[in-house]
1. If you check A:ARG174 against the conditions, is it out of contact with any helix residue (DSSP H, G or I) (no Cβ under 6 Å at 6 or more places or on another chain) and more than 8 Å from chain B (Cβ to nearest Cβ)?
2. Hey, among the residues in the stretch A:426-463 that are part of a helix (DSSP H, G or I), within 14 Å of chain B (Cβ to nearest Cβ) and within 30 Å of the chain's Cα centre (by Cα), which one's modelled with the lowest pLDDT?
3. Which count do you get for residues in the stretch A:1-47 that are polar (S, T, N, Q) and modelled with pLDDT of 95 or more?
4. List pairs: first in the stretch B:158-176 and of a type in the set (Ser, Thr, Tyr), second crowded, with 16+ Cβ neighbours inside 10 Å, Cβ under 6 Å, 6+ apart or cross-chain?
5. Given B:PRO379, B:PRO351, which one is crowded, with 18+ Cβ neighbours inside 10 Å, farther than 20 Å from B:GLN404 by Cβ and not polar (S, T, N, Q)?
6. Any idea which residue in the stretch A:107-132 is farthest from the other protein chains (Cβ to nearest Cβ), counting only those that are over 17 Å from A:ALA87 (Cα atoms) and in contact with a helix residue (DSSP H, G or I) (Cβ under 6 Å, 6 or more places away or on another chain)?
7. So A:VAL184 passes all but one of these: (1) facing chain B (nearest Cβ under 8 Å); (2) assigned to a helix (DSSP H, G or I); (3) aliphatic (A, V, I, L, M); (4) in contact (Cβ under 8 Å) with a residue 60 or more places away in the chain. Which condition number does it fail?
2 protein chains.
Amino acid sequence: MHDEGLENVWQAYKEAVRAGGNPQTLYQEQVWPALLDLWRRQPRVYPSRQPFAVSVHTLGTSPEATALAILGTGAETVYVIHTRDSASFLERLRRDTGKDLYPLEVGKSDVAAIYRHVKDLLERHPQVPVALDLTSGTKAMSAGLAAAGFFFQRFFPQVRVVYVDNEAYDPELRRPRAGTERLVILPNPHEVLGGVDAFLARELYERGEFAKAQAYFGRLVESTGDRQYELYALLSGMYRAWQALDFSEALKQGKKLLDRLSQDVWLNHPLNRARGDLEAQVALLEGVERFLRTRDFGELQGVLGLAATLLRLSERARGENPPLAALYAYRALELLLQERLSRLGRRAEAPGLTPEEAQGLREVLAGFLQIPPEAVEVPPKLGLLHLVAFLRLKGDSLLATLPQERLMGLSGVLKARNESLLVHGFLVPREKELQSLLSLAQRLGEDLAAGARPSLEPVPLGF
Amino acid sequence: MHDEGLENVWQAYKEAVRAGGNPQTLYQEQVWPALLDLWRRQPRVYPSRQPFAVSVHTLGTSPEATALAILGTGAETVYVIHTRDSASFLERLRRDTGKDLYPLEVGKSDVAAIYRHVKDLLERHPQVPVALDLTSGTKAMSAGLAAAGFFFQRFFPQVRVVYVDNEAYDPELRRPRAGTERLVILPNPHEVLGGVDAFLARELYERGEFAKAQAYFGRLVESTGDRQYELYALLSGMYRAWQALDFSEALKQGKKLLDRLSQDVWLNHPLNRARGDLEAQVALLEGVERFLRTRDFGELQGVLGLAATLLRLSERARGENPPLAALYAYRALELLLQERLSRLGRRAEAPGLTPEEAQGLREVLAGFLQIPPEAVEVPPKLGLLHLVAFLRLKGDSLLATLPQERLMGLSGVLKARNESLLVHGFLVPREKELQSLLSLAQRLGEDLAAGARPSLEPVPLGF
């Protein structure tokens, strides 16, 4: 797609150089005015012209290419980053483009200064399309501009990096053939590379945002045609459901994943490196699912898996949301206490206390609460504090050995469960209360696991 | 820091050129061997040498600089991205550096191909330091490498972009003065620019991760010395505490923020543009804090603010965590029903029902549950379903007008609150149940607000 007129100009220029004329002078006199005229009317932009409001250009010792870049971006507001040496070309650039320029001087290797200028300019023009043109200037200047451009695209999505390219080179004249210049808008690597979404999916997965990771991996199957991502989508789906306490769904996804990993075609899938951990996690989910179905506290793996899940969620919520962290911890503690109660053949909802037991319970509770036994009320269902007291009364191997003072400190927070803002009340637990709650639950969890608890940690993706 | 020997070599070279020798030939014969020898022994790297395992170089028509880059990075594994034209320099490069090179051919303007190569190479070497050297090659090649490098740093933090720079230029010879070359490791814009953390903080703020945003803004005060970030830290702290239902802390931060925004020095702070919304939100927090302190349902703004907060949290948790979403919705619904009950001068914990009311309640509940009235038990405290039934019995302006069928559908989910996996039971609410719960709560919320509910949306940061 060469311009007819320019083609002729170029041939005439070539003849004149062959006849012994000075190539530089002849170029400036014959070629440049025609080229400039063409770009003023109709610049060539690849893949297509875009309405830039602001352009920023590095300027070295080739002001012609920068002039074309300025005309090609067509921005109203033009900044030129130059060195002390290239300042002398600014006047010429103004004349050639007919634009007001804002000059910014930097040292020729001062990449940090270029970063700072780009940041300042983007902050000054945050909502408009900005072109960063690296055609001219030293490598350091161009690299700095490109670096800043692609770095800041994350925060200013309308930024584009551009440069003036040549499609043909004239070997005889040892310079690019006039008329084959074009302004190229560099694509964002993210837009070009399908597989890049895999990195973003991984980032989400590692941040524990499994629903979003699942969606990304799902889209990757479409965009890359690579079905290995289906297995990652299943994995993310398993953790998503698990985190949402939807154990039957988590189990379904986990089983499907193990099935796929056993197929010949996926034997070398990176997730097979974590096969052992995955199998242990799916077995744990199976246990929890069975426990939730049967409600049989004899399903030790299930009780343990559920309590460990709740404790993990509690730990994760702790910094951001203490009431929520407390809620998870309360429920974990309740389960772990009920499991111990079930070893005595009793149930919290209908403990069937003998009169002697009821009296004993009153006395233990009186000790916790520092009130007379006759002031203690024993309800028909056992709450957290009653469970602790009753297990202690019955000589529970762990709870009977804890110091009385520690349980006195806990009694307030255990009683406060129903008063929590998230349940029926208006209280928000303090960090100290949460800590004592969590540490008792963790102690019980460790006792139940007897050192054999499988890891709930999401497995490494292997890429 | 010039090398003595090279200094002499350069002077001798200059003399020889002045005496009419061919500058190219003389450079290759006299200067290059000395320079190469120096770099083989002791390459100059700025700011300091780093143990790169892999290096990737673009190669144009200046193989000398690339040879220095290969020696400067010192990597064992070296990839060279060349064009068809520059392939002829590969052999020379191997000889000069004594390294095995892996050549990768691209078109001279094919940025996408460079992205793809960089991605492939980084995936092949994910855990080691990789240098991307853009010294040689066309602008498109260098820009593509820089773009890929800084883009992928987010996912491969050990990637560095490097280039060979010259500290001095010899104007007489019109080429860089030998011995002043150095390999520069380009800093990441993030490391250079203090204020960049502000963008990351903004990203976190916009994602609703207020604790992390608060920490980032706090650090920005230190790293930039700019105290405007203190106000953003206060703002993030307000939303963090609010989201965690710590209303007194949220109020404290909000009031402090409004105080600061009123100081002369901050009158032009971008947050003052959202002043009206901020004041409304702080007033809402004040209402909630008062309600939580007095527990007086006459504090309508407080009830409304608390219920709206819980409903917002429910909506946010909905996709990821239905049990949690249900929990928030249950609590919001409870508050809104209790507020209506309080208009009748009653309390759910001790409703003080007359025998006629108890009988009437039994009949309404019997209708919901499709069982005979005598089978209905009326507990001493009113739960969610009882509240709905009692308000209906008393002709509540909204609840008495809802169709019986809708409430029949709700009765299961309202009764199921205590059976939730997060409270005392083993059930996980289904999406449909959650939906009916939320829509009733929202309806009650709108009725209470009467169109005047302030926005809970975090205000725009203004940068």
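1. yes
2. Restricting attention to the stretch A:426-463, the residues satisfying the condition of being part of a helix (DSSP H, G or I) are A:431-449.
Adding the requirement that they be within 14 Å of chain B (Cβ to nearest Cβ) leaves A:431, A:433-434.
Subsequent filtering for residues that are within 30 Å of the chain's Cα centre (by Cα) retains A:431, A:434.
On the way: A:GLU431: 85, A:LEU434: 90.
Taking the candidates together, the pick is A:GLU431.
3. Going through the stretch A:1-47 one residue at a time, the tally reaches 0.
4. Within 6 Å, the pairs are B:TYR163/A:LYS139; B:TYR163/A:ALA143; B:TYR163/B:LEU134; B:TYR163/B:THR135; B:TYR163/B:VAL184; B:TYR169/B:PRO176.
5. Working: B:PRO379 fails: crowded, with 18+ Cβ neighbours inside 10 Å.
It is B:PRO351.
6. Taking the stretch A:107-132 and keeping what is over 17 Å from A:ALA87 (Cα atoms), we get A:111-112, A:115-116, A:118-132.
When the remaining residues are screened for being in contact with a helix residue (DSSP H, G or I) (Cβ under 6 Å, 6 or more places away or on another chain), the result is A:111-112, A:115, A:118, A:122, A:131-132.
Working: A:VAL111: 6, A:ALA112: 5, A:TYR115: 5, A:VAL118: 8, A:LEU122: 10, A:ALA131: 13, A:LEU132: 10 Å.
Within the stretch A:107-132, the match that is farthest from the other protein chains (Cβ to nearest Cβ) is A:ALA131.
7. So A:VAL184 meets the others, but not (2).
A quick yes/no check of all residues on (1) modelled with pLDDT under 95; (2) under 27 Å from the mean Cα position of the chain (by Cα); (3) under 30 Å from A:GLY208 (Cα atoms); (4) among the aliphatic types (A, V, I, L, M):
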| site | (1), (2), (3), (4) |
| --- | --- |
| B:ALA250 | no, yes, yes, yes |
| B:LYS255 | no, yes, no, no |
| B:LEU258 | no, yes, no, yes |
| B:GLN263 | no, no, no, no |
| B:HIS269 | no, yes, no, no |
| B:GLU289 | no, no, no, no |
| B:ALA325 | yes, yes, yes, yes |
| B:LEU335 | no, no, no, yes |
| B:ARG347 | yes, no, no, no |
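The values are calculated or read from the model by the stated rules, or taken from the named source; none is laboratory data. Given the structure is predicted, the values throughout are model-derived calculations rather than measurements. No Cβ is skipped: glycine too gets one built from the backbone with ideal geometry, and neighbour counts run over all protein chains shown.
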